[in-house]
Amino acid sequence: MTGAGRADFEFVVEATAGRARAGVLVTPHGPVLTPAFMPVGTQATVKALDPAELAATGVSMVLANAYHLHLRPGEAIVDAMGGLHRFMGWDGPILTDSGGFQVFSLETLRTVDEGGVEFRSHIDGSRRHFTPESVMRIERLLGADVVMQFDHVVPGQSPHALARDAAERSVRWLARCREAFEAMAATDGRAPQALFPIVQGGIHPDLRRAAAHAIADLGDWPGYAIGGLSVGEAKPDMYTMLDVVDAELPRDRPRYLMGVGFPEDLIAGIARGVDLFDCVAPTRMGRNGTAFTSSGRINVRRAELRDDPRPLDPLCRCSTCTRFSRAYLRHLFASDEMLGPRLLSLHNVHFLTDLARAARAAIRAGHPLPAPPEITSRD
């Protein structure tokens with residue numbers, strides 16, 4: 001196995017159920033049992049949670065972001081501190097997003113050409129320039145196990161011409177990413193990494209197919225990411241795009257659906273052949289008082305929870321649900337105590353991790369995938 005870090009990574013599909021797969025992604029920092037949910041640690045921390053707490057919930061892989069870490073504290077600092085694993089106190093696998101989504105979200109602060117993207121930092125206004133080559137160097141210095149290419153991201157509902165331009169540019173940038181990545185890997189003596197390409201194309205089936213074919217023409221890859229979804233398009237369109245790319249991507253490599261992780265989307269993605277997911281929703285919603293539960297979403301700020309002795313979710317075995325009542329959780333939020341957001345964030349991460357774990361068990365046993373909870377919210 002050669003190219004883009006392929007020799008140091010392995011993916012084994014252990015069982016299938018339709019298009020759903022149960023597998024193992026082997027990395028230098030340990031195995032990832034798939035399907036798996038990766039909590040988002042944008043700035044080298046999953047907000048409000050200790051790495052030991054994450055490990056206790058069964059999390060095996062976390063995500064960090066090259067854009068944010070480049071701006072603060074800087075990839076050179078992370079490298080000097082021993083790399084991202086040591087810096088954040090997490091000894092399991094890590095994936096870094098290239099920052100493409102973040103850069104292209106700065107609509108009024110960036111300009112794009114074939115060379116790359118010039119932008120102003122959202123922190124201090126300083127002028128920066130990302131190219132495929134510079135982003136590969138940033139991710140190399142951060143030292144994650146899996147690194148993403150620098151890609152051109154457009155809104156999910158973008159018209160065909162704009163989506164085509166971004167998808168084709170992403171493929172051209174991928175070729176440059178790979179050249180820079182392999183040159184560094186061959187000479188710098190650092191730990192092995194795997195480079196994943198990103199299939200773009202908006203909500204246009206022909207563009208998604210063309211991108212997948214163009215990426216395959218560039219060579220062998222240890223895994224594939226599906227990007228540019230959950231960025232404004234309707235959910236049925238997202239699911240259709242997953243159906244399209246499922247038929248085009250190699251079945252012996254992991255597929256990573258970027259930025260998607262609500263319970264219903266997790267199950268829909270797994271059923272369509274996706275292996276890895278990430279999303280900020282569990283911690284963001286937890287900080288705002290909303291929890292995923294087996295009976296739907298619950299906002300613990302609701303007045304009727306004031307004297308509710310029940311656990312947040314009686315079917316959940318996380319440390320929040322096994323130790324604390326809804327009344328106590330409501331009290332924490334009403335009192336603006338920081339423990340409240342921590343406990344709900346921990347529960348939400350556990351909930352999604354456990355949902356992926358249950359899906360894996362169902363696939364291995366030949367049972368139907370677990371049904372996601374009702375989407376309705378009780379706010």
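The values are calculated or read from the model by the stated rules, or taken from the named source; none is laboratory data. This is a predicted model, so every value here is computed, not measured. So basically every Cβ, Gly included, is an ideal-geometry build from the backbone, and we count neighbours across all protein chains shown.
Assorted remarks:
- Test result for Met38, surrounded by 19 or more Cβ atoms within 10 Å (Cβ to Cβ), hydrophobic (A, V, I, L, M, F, W, C) and under 21 Å from Leu266 (Cβ atoms): yes
- Considering the stretch 68-90, and only residues there that are touching a helix residue (DSSP H, G or I) at 6+ places or on another chain (Cβ under 6 Å) and not aliphatic (A, V, I, L, M), the residue that is surrounded by the fewest Cβ atoms within 10 Å (Cβ to Cβ) turns out to be Gly89.
- Scanning the stretch 308-327 turns up no residue that is closer than 23 Å to Pro222 by Cβ and part of a helix (DSSP H, G or I).
- Residue that is surrounded by the most Cβ atoms within 10 Å (Cβ to Cβ), among those in the stretch 150-161 that are among the hydrophobic types (A, V, I, L, M, F, W, C) and at pLDDT 95 or above: Phe150
- Restricted to the stretch 278-292, and to residues there that are part of a strand (DSSP E or B) and within 21 Å of Asp97 (Cβ to Cβ), the residue that is nearest to the chain's Cα centre (by Cα) is Asp278.
- Flag if Val231 is at pLDDT below 95 and more than 28 Å from Val12 (Cβ to Cβ): yes
- Residues that are on the phi > 0 side of the Ramachandran plot and in contact with a Phe, Trp or Tyr (Cβ under 7 Å, 6 or more places away or on another chain) occur at least once in the stretch 288-301.
- Residue in the stretch 256-277 that is closer than 20 Å to Val13 by Cα, without any contact (Cβ under 8 Å) to a residue 40 or more places away in the chain and among the charged types (D, E, K, R) present: no
- Pairs are defined by a Cβ separation below 9 Å, a sequence spacing of at least 6 or placement on different chains, a first member in the stretch 194-205 that is more than 13 Å from Gln157 (Cα to Cα), and a second member that is among the polar types (S, T, N, Q) and not in a strand (DSSP E or B); the pairs so defined are Leu195/Gln149; Phe196/Gln149; Pro197/Gln149; Pro197/Ser170; Ile198/Ser98; Ile198/Gln149; Ile198/Ser170; Val199/Ser170.
Matching residues to (1) assigned by TED's automatic domain parsing to the domain that holds Ala167; (2) modelled with pLDDT of 90 or more; (3) not aliphatic (A, V, I, L, M):
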site: Ala80; (1), (2), (3): yes, yes, no
site: Asp91; (1), (2), (3): yes, yes, yes
site: Ser98; (1), (2), (3): yes, yes, yes
site: Gln102; (1), (2), (3): yes, no, yes
site: Thr108; (1), (2), (3): yes, no, yes
site: Gly115; (1), (2), (3): yes, yes, yes
site: Ser121; (1), (2), (3): yes, no, yes
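- Matching residues, the stretch 261-271, being of a type in the set (A, V, I, L, M) and surrounded by fewer than 24 Cβ atoms within 10 Å (Cβ to Cβ): Ile267, Ala268, Ala271
- When the test is whether a residue is over 22 Å from the mean Cα position of the chain (by Cα) and of a type in the set (Asp, Glu), Asp308 passes it.
- Scan of the stretch 234-265 for residues that are part of a loop (DSSP other than H, G, I, E, B), under 28 Å from His347 (Cα atoms) and of a type in the set (A, V, I, L, M), ordered by number: Ala234, Met258, Val260
- Among (1) surrounded by fewer than 23 Cβ atoms within 10 Å (Cβ to Cβ); (2) assigned to a helix (DSSP H, G or I) - the single one Val231 does not satisfy: (2)
- The one condition from (1) closer than 19 Å to Arg172 by Cβ; (2) over 16 Å from the mean Cα position of the chain (by Cα) that Ala225 does not meet is (2).
- Residue that is part of a loop (DSSP other than H, G, I, E, B) and farther than 20 Å from Glu114 by Cβ, where the choices are Ala144, Ala186: Ala144
- Of the criteria (1) under 25 Å from His347 (Cβ atoms); (2) touching a strand residue (DSSP E or B) at 6+ places or on another chain (Cβ under 7 Å), which one Gly58 fails: (2)
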